[in-house]
Amino acid sequence: MRLQTRFFVLSLGLSLIVLAVVALQTSRGVGHRIDAHAEADLHRLVEVARFAVLRAPVTDDAFADELAEAMNVRVSVIDTDGALLGDSWLDEEALSKAENHGRRPEVVAAFRDGMGTDKRSSSTVGQPFTYVARRVDRPGKKPIVVRCALPSNEVQLESDAVTRLVFVTALVAIGLAVALSASAASSIARVVRSLTVTANRMASGDLSVRSGLRGTDELSELGRALDKLATELSAAMEGLRAETDLLSGLLEGMQEGVLVTDRDGNLQLFNRAIREMLLIGSDAIGRPISQAVDKAELRPLFDDARKKGSSVAELDLPGIKPRRVLVHASKLLGTRGGEVAVFFDVTEVRRLESLRRDFVANVSHELRTPVTAVRSAAETLRGAVESDPTSALRFIDMIERNAARLQACIDDLLFLSRIEAKQYNFNQEPVEASTVAAPVIALFRERAAARNVRLMNEANAMHPRVWCDPRALEQILTNLIENAIKYCPDSTVSVRSRIVDGRTRLEVADTGPGISAKQLPRIFERFYRVDPGRSRDQGGTGLGLAIVKHLVEALGGQISVESELGRGTTFLIDLPPVPAVLPSAAASVRPADVDASPAS
């Protein structure tokens, strides 16, 4: 049953009960009051009748009729013998036949006490009456009794009229109560429905809704309490949302992977970095970590963190992009428990450490050979200076050659370190590739002819110019052409240019033996040699291509290589185009910046 119906039924029931009790009690009270008033009136009338009897010369039937007409009640006159001297309701014939009234209770009481009353049905006229009798003591005469009577049906009629009036009034009151109850129930139900709608909208997340109640009753106070609750909850939600957004932004912006589990080992939270590292799907929330992550080493790591408070391990993550990660797992404090693990991608760090180790090993290897040769030659030279002058000169040549090799290696290393430290301010300007390539090719004509290498300058002067430092570009072309001549005898080495996406690309290509696909990713590493034995025989330091790569990148360009065994190698150089608005003043460059290192 709805609240409105229940309230209406309850109000109506209470109204009906109250009105019924009131009507019943009123009806009874009115009846008694009317009876009492009728009896009191009869007492007053009988006193009037007594005075009339005292003044009347004759107290016969005519006297009774006149007195009854004046007082509008039944009047009877009874002598001491009980005989009826007169009665306003009886004619003379009936009066003569009337029975003796001496034994009537009210008459007996009147002769005895002076006043008597009774309620009964009259045996004379056959109707119920209320009787009041009064003894009248007449001077010099026998006392008589004058009696006034009022028909009970008249009193009942009046009582019934009043009762009907009471019940009609009660019915009207019930109707008004019904209307008021229905109106009050409807009003309360409307307010309750409004509060219910408001509460439901708040529960569904709409905290901007308000009840709008402004009264002073309890429902209005409830509405204001809901409004206050919504305001405070909205502020709390905004703060929580801001904290959540901040936390989410921090987690998503972190390069380190973060993974959180509950006390049962189920995934609760992880960020973008960990999704990429462990290839976790968005449906992994709530699943055990052993099912969500295909990495058996993680489970013991989390177990150790739960038991010891923290745990550290370094793991290899295979896949499309293999990684090596350092994982720090810690136990979460608080009642919820669980563990949090932070994954640090140390792939690049380990790669750099490996490069450093390789670099140290390569430098040691590169320097050991000339140093050993110099020491051996010096020791041999000590004993051969006087005994064998010809051999002494040969050993001196060996010392000079290896010393020059050491010098070249050191110069190249210093040159690379200066480029990496950004200690050079290149004087970049619009440059035509063919203009720079021509003197470089001319420089190597004689050496190329000695190794049966054909040099060709195919750079097109009509192609757009590039934005670079001419000396740096000359160094780049020098290193690439020298390498091609060293390692590609009996071939053709060409310097070309072509348009790619509206920009000029420089190419240094040879028709030599080529480089295998396995070695291509490493050819720009320091001291890396495709054929170590042959390279050292040619006197190279192993740093030429590394210098080329760093120079191109320092100029804002990119370099790549294409090669196939037996079909030659092509180095592709993309330098930035000439800017639309040229700088007002170019940065100065020291000549030694670019020329500090010989061709390697």
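For the pair segment 51-98 and segment 448-491, the centres of their Cα atoms are 165 angstrom apart. Evaluated with a Cβ-only charge set (Lys, Arg +1; Asp, Glu -1), segment 149-212 carries a dipole of roughly 640 debye about its Cα centre, given to the nearest 20. Using only the Cα atoms of segment 453-499, each taken as one equal point scatterer with no solvent, compute I(q) by the Debye sum, divide by I(0), and report log10 of the ratio at q = 0.17, 0.25 Å⁻¹. These q points yield log10 I(q)/I(0) values of -0.58, -1.00. For segment 227-333, dividing the convex hull volume of the Cα atoms by the residue count gives 123 Å³ per residue. If the Kirkwood radius is taken over C-alpha pairs of segment 116-251, then at 10 °C and 1.306 mPa s the Stokes-Einstein diffusion coefficient equals 69 µm²/s. Between the C-alpha center of segment 116-192 and that of segment 250-315 there is a gap of 95 Å.
Of LYS295/LYS518; LYS321/LYS549; LYS295/LYS321; LYS486/LYS549, which ones are farther than 22 Å apart at the Cα? Cα-Cα > 22 Å for LYS295/LYS518; LYS321/LYS549; rest within.
Evaluated on segment 52-109, the Kirkwood hydrodynamic radius is 11.6 Å, with distances taken between all distinct Cα atoms. Toward the positive end of the charge dipole of segment 189-310, about the Cα centre and with charges on Cβ (Lys, Arg +1; Asp, Glu -1), which of VAL192, GLY309, ILE289 goes farthest? Checked the options; the winner is VAL192. Positive end of the dipole of segment 157-303 (Cβ unit charges, origin at the Cα centre): among ALA203, ALA170, THR244, the Cα lying farthest that way belongs to ALA170. The magnitude of the dipole of segment 213-319, with charges of +1 and -1 set on the Cβ of Lys/Arg and Asp/Glu and taken from the Cα centre, is near 220 debye.
Using a Cα-Cα cut-off of under 12 Å, which aspartates and glutamates could be cross-linked to LYS142, ignoring same-chain neighbours fewer than 8 residues away? Those aspartates and glutamates meeting the cut-off are ASP79, ASP81.
Every number here is computed from the coordinates shown, using simple stated rules; none is lab data. Only a predicted model underlies this, so the values are computations on that prediction, with no experimental measurement involved. Ideal geometry is used to build each Cβ from the backbone, glycine not excepted, and the neighbour counts take in all protein chains shown.
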